[in-house]
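One structure below.
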Amino acid sequence: MVRKYKFILWCFVCIYITIGFIHLDINHTTLNIMGVIGLLQLWISIVSWYKCANRLFSPYIFFLIVLYVFSFGQSLLYPFGLISEKRDLYEVYSSIYGFTVSDIFQAQRQTLLMLAMFHIGGLSTVFRQNYSCPNYVNYYSNDNSRLKHIGWGLFIISVIPYTIDLVSDMVTSLSMGYGAIYGGETKIGINNIWSFIGAYFIPSIICLFIAYKDHKKIRNTFLIIMLLISLAILITGGRSRAVILLCLVVILYDYLIKKFSKKQIFIVLICGIILLQVLAIIASTRTASIDERSYNVQFANNAAVEAIAEMGWTQFCLIESMKFVPADEDYRYGRSYLYAFTTIIPNLGFWEYHPAKLESNLGEWLTNKLGTNFGTGFSMCAEAWVNFGNLGFLLFYLWGFALASIFGKIDISIKNNNLAMLAFLLIIFWFSLTIPRNSFINLVRAFFYYGAPIYLYVSNFNFRRK
């Protein structure tokens, strides 16, 4: 079965490569056709993983969907004509930055090529997952006291910084608009340390949720906390971060409490759609003038569609990166990935500018190239292009293989009651969902600053074999 789906995806890969050598008359209809192909490819990817790995609500599927939405979200909506003018990437930015329909098409082709290779890599791990660990002693997994210790410790030191940052974002968004959150000054010094400590909050919740998974009241308290945080983020307009957190909530519940039934899945989807629509009404009312506010609300633009359109703006990074590289700058040939590892070394006066900041922080690089007054962010697809150009899709095979292998070990950890590894993998999953709209440096930071220290403490640095 795996071979069948991999063959289909390889056919897609050949088509995308062939199109690159053919001169086509590109127009908006062409973009719509690519959108249909993208929907088909996404559907095949989800169905193939479900049939081969026998789990729908899996970290890999969530990552795959997030990757598609951020990298190809707007194109997925093109065939249905659902994007409003204020959300349409072409309508808003083509006149400002001068990109054309052909530029969007080339970005579509590169994106679909990379996404197809990503899933081919993922499918290559299906029969490699071993759901038992006979070589390791299961000596530490029955006592979760260390997980509680580090969970509460991190919770105590991070809850205040995280809450202050969240409230600050809410105040900024409600008073000045959501864009003001990213248009402010870059955090430096003590403010940056404050945010760094606050980033331990969600990992602390993950640790505590695992440690108290058999205590209904306590674990439900943590679920409520995460849902309230998601609601707060949604109210400010930050749909992306809220969606990522809700994905984590679903994974924690489905893996550690009870697998979702078909009825529960249906109820959750209905509640989600209703919530998104209500929040869209609140957002439109908040931004309207007093005279314009009324109870005659228009439901033409569904909130779910608006969210996908907003997150799909990330493709802008690839479009613009393809204009600058290699026309203005040479390819980096893997430098951004290699220099990302230098982020584990703090700048203690060794450099005027940290190498990771210069070579790996590609979101800042693009912002400076465009001269914008807001942060552009970045994407996995754009980073692959900046490093390897037309051969960047080959890297996505490794991405798919690596992430599918990592996420597959969550099942292994649960079966063996390996709490240290389970906490580490779920923390990596939490941070990894930001990579589709960022760059590799974020995963390096997640591994060395957040995941690895927690794993080493909980496992008590014990790696003995039988």
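Considering only residues that are of a type in the set (Ser, Thr, Tyr) and not in a loop (DSSP other than H, G, I, E, B), which ones fall in the range 428-440? Correct list: SER432 only.
Restricting attention to the range 120-131, does a residue exist that is among the aliphatic types (A, V, I, L, M), in a helix (DSSP H, G or I) and at pLDDT 90 or above? Taking every residue of the range 120-131 in turn, at least one turns out to be among the aliphatic types (A, V, I, L, M), in a helix (DSSP H, G or I) and at pLDDT 90 or above.
Listed by first and then second residue, the pairs with beta-carbon distance under 6 Å, at least 6 apart or on different chains, first residue in the range 209-230 and among the aliphatic types (A, V, I, L, M), second open to solvent by 50 Å² or more (accessible area, probe 1.4 Å) and assigned to a helix (DSSP H, G or I), are ALA211/LYS148.
Here's the yes/no breakdown for (1) touching a Leu at 6+ places or on another chain (Cβ under 8 Å); (2) under 20 Å from ALA423 (Cα atoms); (3) crowded, with 17+ Cβ neighbours inside 10 Å; (4) β-branched (Val, Ile, Thr):
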residue: ILE229; (1), (2), (3), (4): yes, no, yes, yes
residue: LEU234; (1), (2), (3), (4): yes, no, yes, no
residue: ALA242; (1), (2), (3), (4): yes, no, yes, no
residue: CYS247; (1), (2), (3), (4): yes, yes, yes, no
residue: VAL250; (1), (2), (3), (4): no, yes, no, yes
residue: LYS258; (1), (2), (3), (4): no, yes, no, no
residue: LYS262; (1), (2), (3), (4): no, no, no, no
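Assigned to a loop (DSSP other than H, G, I, E, B) and open to solvent by 50 Å² or more (accessible area, probe 1.4 Å), is that true of TYR339? So TYR339 does not fit the description; no. Among the conditions (1) open to solvent by 70 Å² or more (accessible area, probe 1.4 Å); (2) under 24 Å from ASP103 (Cα atoms); (3) at pLDDT 95 or above, the only one that TRP43 does not satisfy is (2). Within the bounds of the range 306-314, is there any residue that is touching a Phe, Trp or Tyr at 6+ places or on another chain (Cβ under 8 Å), open to solvent by less than 70 Å² (accessible area, probe 1.4 Å) and not in a helix (DSSP H, G or I)? There is no residue in the range 306-314 that is touching a Phe, Trp or Tyr at 6+ places or on another chain (Cβ under 8 Å), open to solvent by less than 70 Å² (accessible area, probe 1.4 Å) and not in a helix (DSSP H, G or I). For the range 1-36, the set of residues classified as within 20 Å of GLY121 (Cβ to Cβ) and open to solvent by less than 80 Å² (accessible area, probe 1.4 Å) consists of VAL2, TYR5, LYS6, ILE8, LEU9, CYS11, PHE12, VAL13, CYS14, TYR16, ILE17, listed by residue number.
Among the residues of the range 343-358 satisfying the criterion of being part of a helix (DSSP H, G or I) and open to solvent by 30 Å² or more (accessible area, probe 1.4 Å), which is farthest from PHE393 (Cα to Cα)? Taking the candidates together, the pick is ILE344.
Screening the candidates TYR50, TYR78 for the property of being in a helix (DSSP H, G or I) and either within 28 Å of MET1 (Cβ to Cβ) or open to solvent by 50 Å² or more (accessible area, probe 1.4 Å) (or both) yields one hit, TYR50. Here the condition is being within 21 Å of PHE431 (Cβ to Cβ) and either modelled with pLDDT under 85 or open to solvent by 40 Å² or more (accessible area, probe 1.4 Å) (or both); of TYR182, TYR200, it holds for TYR182 alone.
Let's see how each residue does on (1) more than 28 Å from THR367 (Cα to Cα); (2) assigned to a helix (DSSP H, G or I); (3) among the hydrophobic types (A, V, I, L, M, F, W, C); (4) open to solvent by less than 10 Å² (accessible area, probe 1.4 Å):
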{"site": "TRP399", "(1), (2), (3), (4)": "no, yes, yes, no"}
{"site": "SER405", "(1), (2), (3), (4)": "yes, yes, no, no"}
{"site": "LYS409", "(1), (2), (3), (4)": "yes, yes, no, no"}
{"site": "ILE414", "(1), (2), (3), (4)": "yes, yes, yes, no"}
{"site": "ASN442", "(1), (2), (3), (4)": "no, yes, no, no"}
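Once the range 366-394 is narrowed to residues that are without any contact (Cβ under 8 Å) to a residue 12 or more places away in the chain and out of contact with any Gly (no Cβ under 8 Å at 6 or more places or on another chain), the residue that is least open to solvent (accessible area, probe 1.4 Å) is THR372. If we scan the range 61-68, do we find a residue that is out of contact with any strand residue (DSSP E or B) (no Cβ under 7 Å at 6 or more places or on another chain), open to solvent by 40 Å² or more (accessible area, probe 1.4 Å) and either outside any helix (DSSP H, G or I) or modelled with pLDDT of 90 or more (or both)? Yes, some residue in the range 61-68 is out of contact with any strand residue (DSSP E or B) (no Cβ under 7 Å at 6 or more places or on another chain), open to solvent by 40 Å² or more (accessible area, probe 1.4 Å) and either outside any helix (DSSP H, G or I) or modelled with pLDDT of 90 or more (or both).
The values are calculated or read from the model by the stated rules, or taken from the named source; none is laboratory data. Not measured: the values here are computed from a predicted model. Cβ coordinates were reconstructed from backbone atoms using ideal geometry, including for glycine residues, and neighbour counts include every protein chain displayed. Remember, those area values only see protein heavy atoms, side chains included, never the ligands or the DNA or RNA. Shrake-Rupley method; radii C 1.70, N 1.55, O 1.52, S 1.80 Å.
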